[in-house]
Each structure stands twice: as structure tokens, then as C-alpha cells.
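> Structure in C-alpha cells, see below.
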There are 2 protein chains.
Amino acid sequence: MQDLHGGNIYRLRREGKGEILDYSSNINPFGIPKSFKELVISEFDNLEKYPDIEYIELREELGKYNGVGFKNIIVGNGATEILFLYAKSVKAKKVVIVSPTFAEYERAFKNTECLIEHYLLEESKEFKFDMDEFLEKNYQADVVVLCNPNNPTGKFISLEDIKKLNENLKKKGTKLLIDEAFIEFVEGWQEKTAINLKDENIFVVRALTKFFAVPGIRFGYGVGWNSEFMEKIWNFKEPWSVNTFAELSGKTMIKDSEYIKMSENWIKNEKKWFFERLSTLKNIKVYKTETNFILLKLRNIEAKRLRELLIEKGILIRDASNFKGLDSSYIRLAIKNRENNFFVFEKLKELVDNESI
Amino acid sequence: MQDLHGGNIYRLRREGKGEILDYSSNINPFGIPKSFKELVISEFDNLEKYPDIEYIELREELGKYNGVGFKNIIVGNGATEILFLYAKSVKAKKVVIVSPTFAEYERAFKNTECLIEHYLLEESKEFKFDMDEFLEKNYQADVVVLCNPNNPTGKFISLEDIKKLNENLKKKGTKLLIDEAFIEFVEGWQEKTAINLKDENIFVVRALTKFFAVPGIRFGYGVGWNSEFMEKIWNFKEPWSVNTFAELSGKTMIKDSEYIKMSENWIKNEKKWFFERLSTLKNIKVYKTETNFILLKLRNIEAKRLRELLIEKGILIRDASNFKGLDSSYIRLAIKNRENNFFVFEKLKELVDNESI
């Protein structure tokens, strides 16, 4: 399990590598909203009580944030719990995953012993989702899984296309699962989320992890409109899986409009800047991104080797070769603040535009 | 799900009942160890990193606390996650649960669609586990589940008996799952835990929740010696289910020897005092306990009615009638500090020794 993901800074530390600039996990560089720390201190003694097993207040707040009712919301221990619960509840016989993408979809459905098929996005199309081509395949499946914006390609499917896709799938009895863990990094995301469709055939997964920089807190949620299915998913859920701190984070961070605004402005500018700067490197192909990470294809060095060289320079990148549909020439970089991005750019330039590698 | 457990103070609050003395959940009244709060503040920014997906340091500390290696330990989001993982991994066709007991064992195994049989402890024996009678039943099962000390009866099975039981079960290919969530409240528990047996046929579940008064933190762990099985259980596990705060709690609280000593002394005296005091009530039968809660049988009022009357007095008790094998005459009380215990005793006396009910 531990080799499926980026960011294993702990193993590096155990190997004596010391502190490192982590470009392998895609976390908002502004760090944890300050309002949250104060709240944790003042509400600390709440740990002596069980969390509300129904999480009503928390779900109400998330409902307001997303323009839906609390009954449309299920909360979990990271988006991961929600994904695994969805897979258990839907009892699919066949699932199509649009890949390359986050590895946990496959793990979640594998646990339920269903058939998994990968629809592979093509490099020749810069990994853009080609709706017409996908529909031509005419998959007979119970669920189609999409990550939107997609990890690791950074591409985003418009709401219009999601709607068209969903209408098509619905006719065939195929449900649509959309992971929007990174959506807050997409410009104008409030207008573009699939939550706006409020459709019974769709289930949307969200998390605080990336945008609010709290991978340590483990908080995610799911949004659905099929009340029978929502009940089923609650029945599979283990009680109290969201701890008191995670509950607090969910209630407060989404209301920190200053933090949200600041982060939206930063990513809008920085993804443009980083893309343009990286595009000047002659031995790297850069794929345009709509979110806070960026996929790169290396022309003259293997991802694994570059990762090792960069660790020596104090930078950890994501070797993306184990994503289904990618190969040993791909890496993924987080987008952080200008200073760090510049530093990473400089080191890459030294290493990959140097013919003597 | 929400009706299976005690302690739903949130629902009462939503119903306008205000703050209440919670005798329905069995939490150490000393509250959260102070050392932990300081640590949370100083380590707060660690939330910006994912927890170690392998939780090596944490497992090493727990290993030391229990005299085993870190490979014998799996950590989880409360004991509940461990129970559910065990049930998924063991793939039992038939399970015997020694009841009345904690409801989540049944839920965990039901999720795997196995056959569940309850071995019912008898009131005539004060709910003590009768080893010879149990062995005579000669169950053909894949797993026997024991809670030790048992919730809600408060009875504890000696290590000698656990050993005898395990030897018998092992011959038949039946595994033994022991939940020791409350063991630290048992006098001399260090000598009495099943972990001392270090047997491949046994899997022990533990939690910080009760003894360290942190139900809000969600931290539990499992201890096993069958390396193949331990690997299987890790494969079913969702990544990062223990958040950074829970990880910190696991690393520190178990080293707080002052807190541990103080709590051991308190429960040793208080369970005796509370038992003796409650035993003076003529309309209540009190069952002797070896842990921090106490089962009572009401002779002249229904549990549900008494619960309602006590809520009006500001006390929440656990109506124990929904435990398999109990009925509407049973309640369970936590044991807290002397002042509160006395208050609860007085209110009970007023209500149940008053013939005009």
C-alpha cells in the first residue's frame, strides 16, 4: 500500500535524508488556516466526549458551503473512507476508471471483487478527456469513476460535458462517481462543480486535505441525492470515524473566506507562471494544468533517477511511472510558492538541460 | 446505527436538554492527560503533512508498552476500525459472540455476511463466563469473540481461563478475538492481558478511548502474532486512517506513568465504594464489576422510564435493554469521581426506592 502514493517523507527520514521540500504531495502552501489552531486550543476538552455519531452540525455547515441539505452529505475519515464506503455500498459488478488517476479508486473497488476496466486517456491528446470517443466505447458498467480535476494530469472536464456524460450513462443504468478533491484550485470552481447538477445518478467526493492544507486531519465528505443510497452508505459506515479535531476543521475552515480568496488568487497566478517557466526547459514536456500540480514528461532521464538526484538537492518529487497508463518518463510536481517553485525550476534546469546526464 | 450506543448527548442537546452528567459512556473521569494538550499545540503544524502511512514510530511505542514488536501492531481509527478490518480479513463463515456485549462485533461480522451465533451469559450466574459450559457446547466456528473485561457486565476472564479456552479452540481451528478496550481498569492488568500469551491464534484489540478519556480522538490498535494474517489485515486497511493528533496521542499517553498510576488507584477504590453503596438500594440488583462501569437490574421500574426521569435530574444513563440477552430491566452506569457517583446514587435512591413510582 505504501508504495502507491507520493510523499513518504517518513521513510526518507528513516533513511537519514533529513528535511526535504515535498513537491510530491499537492498541498496548499499557505498552510493550515490560522483560525483553526485557535479553535483547537479553545475546544480541546471536547475530546473527552464522543463526536456526534450523526455529525448533524458538521453536515449542516457543509450543506451550506455547497448549497445542499445536510441529508445530502456523508462525512468520513478523509475522502478515502468515502470512496471505500461508496464501493462497498454500490456493489458494482463492473467499474470503468478514467486513467491515469489516483490509485485508491482501484483499491476501493478491488476490495469488493468487481471487474475493473481502465479507460486510458491519451498522451497524443495531452490526456484531455475526449467525450465523444468515450461515449463511442459504449461501456456496459455499473459505475464510471472520474477524478475532476484529474490527478495526475491536471485536466478538468467542464460541467457541460459532465452533464452530457451523465445523461448518457443514466440511460444505461451506469452511475457516475466524481472525485473533486482538488476542485477548489480550479478557477471559478463554484460554478463548475458537479454538485450543481443535484442529480441522483451522481455522487461527488470532496476533501479538505489539499485546499486547506490538512492532510494530517483526515477529513472528507460525499454528496449524493439518492436518499435510499445515502441510507445504505450510512449503514456500512463505522461509527465516529471523523474525530473531534477533524469535525472542528470541517465546521470552520470552509467559512474562512479570507483564506479561500487568498488561495484562489495565488493558484490562478502561480500555475500560469510555473507552467510557462517549466515550458522553457528543452528536455521536458509540460502538460497544461487547471489545478495545483503539474504533470511533466522527461525526454532524457528516467523519473526514478531524476527523483534520486533531486532528493540529493533537498527536493522530493512524485515519480509518476506507477500511474496506470503512464511510464517511467513521467513526474508530477506540486505548485507551491514562487520562491520554492523557482528553486525547483532551477534545479530541474541544472539536471535535465545538462547534456552530460 | 446511532441507537446502538450510549452517550448521544448531541441528540439530547438538539432536543433542548442542555448539559448533562454523562453516565452512559465509560470514560476515565480524570480527563485527557495534560501532557497531550501541550504536545498538540507544539506539534500543530505537523497537520500539514500526511501521517506516516506505515506509522512505524507509533507502532514501536505501542510495542514497547505491550512488550511486543512493532510488526505485531496494527493501528486504526478507534478499536472499531480494527474490529471491522479483522472481520473483513478473517473471512469467517461462522462466528460465536459471547453476549450480552458491545454491539459493533455483530455489525462488523454482519458486513461480511457470515453466520453469527450468540452464546448467552446467564443472569443466574451473574453473567460470569462458565468455561466448562461453553466448551461443552463444542461450537464449530471460525472465530469466537470475547470482550474482556466485558461490556456491559463488567466481568473479567482470568488469563488462565483464556489460555485454556484458546488451547481448546485452536485444536478445532477456531480463532480467538479478544477486545481489551477496558483492560487498563482491571487491577493488575499488566499480568492479566492476553497479549502475554503471544499466541498466533489470538488477536487482541485495544483502544485509548476509555482509560485515557479521549473518545474524540479515535485511536485503537490490534495485536497479533500471525504474520501472514497481519499482512492481510494491512492490505484491507484504508491509508492514513489515524490522523496526526491520534498518532500523537498514541505516542505520548501510554508513557504518562503518573496518569496511569493515578487512574489505577482511583478505579480500585471507587468501583468498590460505588458497588457497596448501590447495593444498599433495595429495588436494584447490582452486579460486581472488575472495570469502570457497573450493570444494574431494576426491580420496580423500566430502564427506559428511569432514563427519562434521570435526564430531568441532569444525568444520562445507559438503558441496557438493547444488549442481546438483556431486557428492559437493565441499566449500565459509568463509574466517575466520588462526588458525581454520590450524586447519582442519591438520585437513584430517590427514584427507585420511592414506592410511589
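> Quick check on the range B:72-95. Is at least one of its residues under 25 Å from B:Ile254 (Cβ atoms) and more than 14 Å from every other protein chain (Cβ to nearest Cβ)?
yes
> Looking at (1) away from chain A (no Cβ under 13 Å); (2) more than 25 Å from B:Ser263 (Cα to Cα), which one does B:Gly67 not meet, given that it meets all the others?
Every listed condition holds for B:Gly67 apart from (2).
> Of all residues being within 7 Å of chain B (Cβ to nearest Cβ) and at pLDDT below 90 in the range A:15-39, which is nearest to the chain's Cα centre (by Cα)? Just the residue, please.
Residues of the range A:15-39 within 7 Å of chain B (Cβ to nearest Cβ): A:25, A:27, A:31-32, A:37.
With the extra rule that they be at pLDDT below 90, the set shrinks to A:25, A:37.
Values: A:Ser25: 10, A:Lys37: 24 Å.
Residue satisfying both the conditions and the ranking: A:Ser25.
> Still on this model: Count, please, the residues in the range A:290-310 that happen to be open to solvent by less than 20 Å² (accessible area, probe 1.4 Å) and either modelled with pLDDT under 95 or in contact with a Pro (Cβ under 8 Å, 6 or more places away or on another chain) (or both).
3
> Which of the numbered conditions does B:Asn201 fail, given that it passes all the others? Conditions: (1) at pLDDT 90 or above; (2) within 13 Å of chain A (Cβ to nearest Cβ).
(2)
> Going through the range B:36-54 one residue at a time, which ones are open to solvent by less than 20 Å² (accessible area, probe 1.4 Å), free of Cβ contacts under 8 Å to residues at least 40 places away in the same chain and either under 30 Å from B:Ala194 (Cα atoms) or part of a loop (DSSP other than H, G, I, E, B) (or both)?
Going through the range B:36-54, the residues open to solvent by less than 20 Å² (accessible area, probe 1.4 Å) turn out to be B:36, B:40, B:44, B:47, B:51-53.
Subset that is free of Cβ contacts under 8 Å to residues at least 40 places away in the same chain: B:44.
Within the range B:36-54, no residue meets the criteria.
> Give the range B:96-121 a look and list any residue that's closer than 17 Å to B:Leu85 by Cα and aromatic (Phe, Trp, Tyr), or say none.
B:Phe102, B:Tyr105, B:Phe109
> Something else: May I ask you to list the residues in the range B:151-170 that are open to solvent by 10 Å² or more (accessible area, probe 1.4 Å) and over 20 Å from B:Lys288 (Cβ atoms)?
Within the range B:151-170, B:Lys163, B:Lys164, B:Glu167, B:Asn168, B:Lys170 qualify.
> While we're on this one: Say whether the condition of being more than 10 Å from chain A (Cβ to nearest Cβ), at pLDDT 90 or above, over 30 Å from A:Ala213 (Cβ atoms) and in contact with a Ser or Thr (Cβ under 8 Å, 6 or more places away or on another chain) is met by at least one residue in the range B:216-232. Please lay out each step first, then the result.
Of the residues in the range B:216-232, the ones more than 10 Å from chain A (Cβ to nearest Cβ) are B:220-232.
Within this subset, residues satisfying the condition of being at pLDDT 90 or above are B:220-232.
Remaining after also requiring over 30 Å from A:Ala213 (Cβ atoms): B:222-232.
Those left that are additionally in contact with a Ser or Thr (Cβ under 8 Å, 6 or more places away or on another chain): B:229, B:232.
Yes, the range B:216-232 contains a residue that is more than 10 Å from chain A (Cβ to nearest Cβ), at pLDDT 90 or above, over 30 Å from A:Ala213 (Cβ atoms) and in contact with a Ser or Thr (Cβ under 8 Å, 6 or more places away or on another chain).
> For A:Asn138, work out the one condition from (1) more than 30 Å from A:Asp256 (Cα to Cα); (2) touching a residue at least 40 places away in the same chain (Cβ under 8 Å); (3) surrounded by fewer than 22 Cβ atoms within 10 Å (Cβ to Cβ) it doesn't fulfil.
Result: A:Asn138 fails condition (2) only.
> Condition first: within 27 Å of B:Lys110 (Cβ to Cβ) and out of contact with any helix residue (DSSP H, G or I) (no Cβ under 7 Å at 6 or more places or on another chain). Now tell me which residues in the range B:45-84 satisfy that. Working first, answer last.
To start, the set of residues in the range B:45-84 that are within 27 Å of B:Lys110 (Cβ to Cβ) comprises B:73-84.
If the condition is that a residue be within 27 Å of B:Lys110 (Cβ to Cβ) and out of contact with any helix residue (DSSP H, G or I) (no Cβ under 7 Å at 6 or more places or on another chain), then B:Asn77, B:Gly78, B:Ala79, B:Glu81, B:Ile82 are the ones that fit.
> Oh, and also: Looking at the range B:141-165, which of the residues that are hydrophobic (A, V, I, L, M, F, W, C) and assigned to a loop (DSSP other than H, G, I, E, B) is farthest from B:Glu187 (Cα to Cα)? Reasoning before the result, please.
Step one: filter the range B:141-165 for residues hydrophobic (A, V, I, L, M, F, W, C), giving B:141, B:143-147, B:156-157, B:159, B:162, B:165.
If we keep only those that are assigned to a loop (DSSP other than H, G, I, E, B) too, we end up with B:141, B:156-157.
Details: B:Ala141: 32, B:Phe156: 10, B:Ile157: 13 Å.
Here the answer is B:Ala141.
> Another question, then. Restricting to the range A:66-118, name every residue that is open to solvent by less than 10 Å² (accessible area, probe 1.4 Å) and assigned to a strand (DSSP E or B).
Result: A:Ile73, A:Ile74, A:Val75, A:Gly76, A:Val95, A:Val96, A:Ile97, A:Val98, A:Ser99.
> Is it the case, given these coordinates, that A:Glu57 is facing chain B (nearest Cβ under 10 Å), outside any loop (DSSP other than H, G, I, E, B) and in contact with a Gly (Cβ under 8 Å, 6 or more places away or on another chain)?
Details: facing chain B (nearest Cβ under 10 Å): yes; outside any loop (DSSP other than H, G, I, E, B): yes; in contact with a Gly (Cβ under 8 Å, 6 or more places away or on another chain): no.
No.
> State all residues of the range A:171-182 that are closer than 17 Å to A:Ile254 by Cα and free of Cβ contacts under 8 Å to residues at least 40 places away in the same chain; if no residue qualifies, say none. Explain how you work it out, then say what you get.
Quick first cut of the range A:171-182, residues closer than 17 Å to A:Ile254 by Cα only: A:180-182.
The answer is A:Glu180, and nothing else.
> So A:Val286 ticks every box in (1) open to solvent by 20 Å² or more (accessible area, probe 1.4 Å); (2) free of Cβ contacts under 8 Å to residues at least 12 places away in the same chain but one. Which box is left unticked?
Checking A:Val286 against (1) open to solvent by 20 Å² or more (accessible area, probe 1.4 Å); (2) free of Cβ contacts under 8 Å to residues at least 12 places away in the same chain, the one that fails is (1).
> Do the conditions hold for B:Gly173, that is, is it more than 17 Å from B:Lys198 (Cβ to Cβ), assigned to a loop (DSSP other than H, G, I, E, B) and open to solvent by 30 Å² or more (accessible area, probe 1.4 Å)?
Details: more than 17 Å from B:Lys198 (Cβ to Cβ): yes; assigned to a loop (DSSP other than H, G, I, E, B): yes; open to solvent by 30 Å² or more (accessible area, probe 1.4 Å): yes.
For B:Gly173, the condition - more than 17 Å from B:Lys198 (Cβ to Cβ), assigned to a loop (DSSP other than H, G, I, E, B) and open to solvent by 30 Å² or more (accessible area, probe 1.4 Å) - is met.
The values are calculated or read from the model by the stated rules, or taken from the named source; none is laboratory data. Remember, predicted model here, so these are calculated numbers, not experimental data. Counting neighbours? That spans all protein chains shown, and the Cβs are built from the backbone with ideal geometry, glycine included. Areas reflect the complete protein model, heavy atoms only, side chains present, ligands, DNA and RNA absent. Shrake-Rupley method; radii C 1.70, N 1.55, O 1.52, S 1.80 Å.
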